[in-house]
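Notes follow once the structure below has been shown.
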Amino acid sequence: MARKRYQAHKRGCVQADGEAARAVADVFEKAVRCYNSGEFEESRKLCRGIIAHNHYHTDSLHLLGIVEAQMGNLEEALSLISKAVRIKNNVPFYHNSLGNVFKALGRYNEAIPCYRRAIFLAPNHAEPYNNLGCVFSEQGKENKAIECYRKALALRPDYVEALLNLGRVFNEKKNCDEAIKCFRRALELRPDYAAVHFNMGIALKMSGDPGAALSSFRAAVSLDPGNAEHWAHMARTLESIKFNAVDDSLIDDLDVMLQQKHVHSGVVCRPILSALKCHPVFVRKLRQFTGDARETTAEHQEYARAAEDLSAIPLFVRLISLTAVVEPDVEEMLTRLRRLLLQAVCKGGTENKGLNFSAALAQQCFINEYVFEETPEETAAVDFLVQKLKNFVDNGQEIPSEWLIALAAYRPLHSFPWLDDLHDAALSEETKAVVVQQVIEPREEKSLRITIPRLTEIQDETSKIVRAQYEENPYPRWIRPRTEPVSLPVKRVMQSIFPHKDFSKIVFPERPEILIAGSGTGEHALTVFSRFSGARVLAIDLSLGSIAYAIRKARELGIRGIDFAQADILEMGGIGRRFDIIDSSGVLHHLRDPMKGWRILVELLQPWGFMKIALYSELARQPVVKARAFIEKKGYLPTAKDIRRCRQEILSEKADPVVKEITGFRDFYSLSECRDLLFHVQEHRFSLLQIEAAMDELGLEFIGFELDNQMAMNKFIELYCDTGALSSLRAWHAFEQQNPATFRGMYQFWCRKKQQD
C-alpha cells in the first residue's frame, strides 16, 4: 500500500481527562511521528503499548493497522482497523482506511461500501472519492471511476493524485487529449512527480508524439530510477525514434536503460545506433573502418587504438554484447575490426588494451551466429589460431586472453572439446563472460535436452523438415526478453488493448491457462507469461534445441510457471486439455496446411477463450518475396556459408535496390533469423480478406489488431472516425492497400469463438 502522511484526528480518540490521558496522547503522537518518518517498528511498538493498557484506544488500533499494512501484513491490518470501526463507527477516515486494506487484498466489492460510508460521514472529504474511483478503475468501470475522480477534484482542485488517476483512466480509454490535460495540471502543481511524467509519456506516445513522450519518460526515470516500468516504456518509445543530435546525458540514460532486465535490447538497437552516430569518437571510427577507408598494414597497433577508443563508449560495448547490430555500416566496421584483431593475434600481438571491446565483439559474433563475412584468408588464419591454442592447452600453458577472444569471434568455443575446462582457468573478467556465453551455457542446454517432456509424436513430413531447420539454427538467439514489469489480470489486459470493446459479460479466470503454440527459444513465452497475472503456461515447440535454450533462459531469469514441452500442433488434439488463451505467433504460416493447425487450436480453446494469431502479410512481405526470388535465381542454399555469401551480395553497392530493401528487416542481421526470413523451408502469406474467410470457416470472431505502430493506429482511427471499424477486417484491408508497410512484421490479431445469442 502507498504510504501517506498520517494526521491524528481528535474524533477518533477515546477522550479522558487527567495526566494519564495526556501521557497516552503524547505516546500516540510519538507513534504518529515515527510512522511518518518511516520508523514502522517503533511506531508498532508504541501503538501496542497503548493498546495493552487500553484495548479500546481506536486511534492506536487504526494506526497500528496502517503500520501492519505498510509492512505487508494485510490480514492483521484488516483485523485491527475492523476492530476500530466496530468500536467507533462514525469516524470517516477509519472506513477509508478499511477500504484501502480491502482494496490492497483485491476484495473490491468489500472496499466499495467502506468508501461509501466514509463519503456519507464526511461528504466534503476528497480522498474517499479518489479511492472509490481507484476501485472502479480496477474493476474496469471507467465511467464510474471518472465520476468519482471529478467529484474529488471538485472538492480539492489541487488534488494531484486524483488528477493522476483521472488521467490514467483516460489513457486506458485511449483518450489521450483529456489525459494530457490532467497530467499538465498535475505537473503544474507538482513538477517532481515521477508517476505523472510517466503517464504523460504514455499519453504523448498514444497521441503520436514519440519525441515528447521520450522526454517525459526520461524525466520519470531521473526522478524514480528504480522503477522498471518507467524504463521499459522508455525503451518501447525509442522504437520509432531516430536521433539527429545527442548529449552526454542522453547517452548515459540509454546505457542505464540497456541494463534494465525488462528492456529488449534488439528492439532499441537501431535507435541507439542512431544516437551513437552522433557521438564524435564513434563517428570517427565508423568513417575509418567503412567504405573505401584504407586498411592499415600496422594491424596490431591500429586495432589496439580502435578497441581502446571504442571501449571508452560503454553504451556501444554493452549494446553489441546484448544484441545483433542491425545497421549495415556498423556491421561493416565490426567485420573489419574483427579481421584486424585476428591478424594482430596471429602475428603475436597480445596487448590487453581495449579488451572490453574485444570481448563484446566476440559476444556479438556468437549472438549473430557468425553471420559476418569471412574471407578465405581469415579461414586459414583461424585454423592457424586453433592449432596454436590447442598447443597451449596441450602443454599446460596459460592462454592469452586476446587470443582466446579472437577465436571466439570466429568460432563458438564449445565446438572445441579441449576448451571445456576453461572455466577453471585464470581468465580476465571480460574473457570469463565470453566463456560463460560460449562454453558453460551451451553445455547446460545440451544437458537439458534429455529432460524435455514429449507431448506428441512428430509425424508430418513438413513438421520434420521445419524441426530440422530449427535444430540446426534455434530461432531466435536472444539475451533478454521483452517482459512486462507489472502483470495484470486477463480482463485488464484485454481492456487496455481494446478499450472500444465491451467485455462486461465475460467471466475472466484469475489463473488463466495459456498455450503458446510454437514457442521457439522461449522469448515470446516469457513475454506472455509476464503479461498475465496468475498465468499457467504450456509452451510447445518442435525443436529440442530451441526448447533447451528457452528453459535455460527461464531459469536464468528466475521465471517459474511455464511448462516447456516438445509437441507438434498438428498432433495436439488428443492431449485432453483446454486453454483460456492460445497464442500462436509466427507459426501457422510455416505449416504445410495452416488451416488444419488453426482448426486444432480452435478445438483446444475454451468457449469464452481468446486466441492471438500472427501471420505474414502478402502485401507487407513483398520485399521478402523479391529477395527469395533473387536467392532462388542465384542458387544460394540454406547453409551458413551460402547465407553469408548471399547477405554480402545483397549488402553490396551493386545490389538491386528492390532486393536491398530486405536490409531494413531486423531479422537480416543474424544467421538463424536470416535463414528464417529468407531461406525458410515452408512459408505461407495471407491477405486480410483470406484471414476473414478463414475465421468465418472456423467460427471465430475478429476482435482487433494489437499494433505496436501507434502512428498507424492513429491514422486508421482518424480515417474512419468510428471505433467499430477497428473490428472490421475489410476496413483494415482497405487501409493496408493504401499503407502497405503497416503489417511489415506480421498481422498480430486477437479473436475468439463466435458466441451464441
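Run the numbers for residue 682 and residue 501: contour at 0.36 nm per residue of separation, minus the present Cα-Cα distance, in nm.
Net length gain for the segment: 61.6 nm.
Angle check, please: helix 376-394 long axis (alpha carbons) against the longest principal axis of the chain (alpha carbons), in degrees 0 to 90, nearest 10.
So the inclination is approximately 70 degrees.
Beyond 20 Å, what share of the Cα-Cα pairs of region 688-753 is found? Please give it as a whole percent.
Counting every Cα pair in region 688-753, those more than 20 Å apart make up 21 percent.
Which FRET efficiency, nearest 0.05, do residue 40 and residue 565 yield, Cβ-Cβ r, R0 51 Å?
About 0.65, to the nearest 0.05.
Which length gain, in nm to one decimal place, applies between residue 395 and residue 241 when the Cα-Cα distance is subtracted from 0.36 nm times their residue separation?
That works out to 50.1 nm of additional length.
Based on Cα coordinates alone, diagonalise the gyration tensor for the chain, multiply each eigenvalue by 5, take square roots, and list the semi-axes in whole Å, largest first.
Value: 52, 33, 26 Å, ordered largest first.
Where Lys and Arg each count +1 and Asp and Glu each count -1, what net charge lies around residue 585 among other residues with Cβ under 11 Å from its Cβ?
Once positives and negatives cancel, what remains is -2.
Could you check the simple spin-label distance between residue 5 and residue 75, using points 7 Å along Cα→Cβ, in nm with one decimal?
3.5
Hey, with R₀ at 25 Å, roughly what FRET efficiency would residue 649 and residue 274 work out to, going by the Cβ-Cβ distance, to 0.05?
Computed FRET efficiency for residue 649 and residue 274: 0.45.
Go ahead and run the numbers for FRET between residue 283 and residue 122, Cβ-Cβ distance against an R0 of 45 Å, rounding to 0.05.
So, using R0 = 45 Å, E works out to roughly 0.10.
When 524, 279 are ordered from fewest to most other Cβ atoms inside 10 Å of their Cβ, what list results?
279, 524
Full-extension gain between residue 730 and residue 440, please, as 0.36 nm times their residue separation minus the C-alpha to C-alpha distance.
99.3 nm
Extending each Cα 7 Å along its Cβ direction at residue 450 and residue 722, get the distance between those two points in nm, one decimal.
Between residue 450 and residue 722, the simple spin-label model gives 6.3 nm.
Would you please state which residues of region 210-233 a label at residue 252 would reach in this model, taking the label point 7 Å out along Cα→Cβ and a backbone N cut-off of under 12 Å?
In region 210-233, the label zone of residue 252 (backbone N under 12 Å from the point 7 Å along Cα→Cβ) covers 222.
Residue 158: net charge of surrounding residues, Cβ under 10 Å, Lys/Arg +1, Asp/Glu -1, itself excluded?
+2
Order by neighbour count: 323, 742, fewest other Cβ atoms within 10 Å first, most last.
Fewest to most other Cβ atoms nearby, the residues stand as 742, 323.
Would you report the distance distribution of C-alpha pairs in region 279-448 as whole percents per 5 angstrom bin, up to the bin with the largest distance?
Computed distribution, short to long bins: 1, 8, 19, 23, 22, 14, 7, 3, 1, 0.
If we count other beta carbons within 10 Å of each Cβ, what is the order of 589, 230, fewest first?
Fewest to most other Cβ atoms nearby, the residues stand as 589, 230.
Rounded, prolate or oblate: which one fits region 166-247, using the alpha carbon gyration tensor with axes a ≥ b ≥ c (rounded when a/c is under 1.5, else prolate when a/b beats b/c, else oblate)?
Oblate, since a/c reaches 1.5 and b/c is not below a/b.
Treat each spin label as a single point 7 Å out from the Cα along the C-beta direction, and report the residue 89 to residue 714 distance in nm.
5.4
Any read-out appearing in this document is the output of simple, stated calculations on the displayed coordinates, not a laboratory observation. Source: prediction; values computed, not measured. Ideal geometry is used to build each Cβ from the backbone, glycine not excepted, and the neighbour counts take in all protein chains shown.
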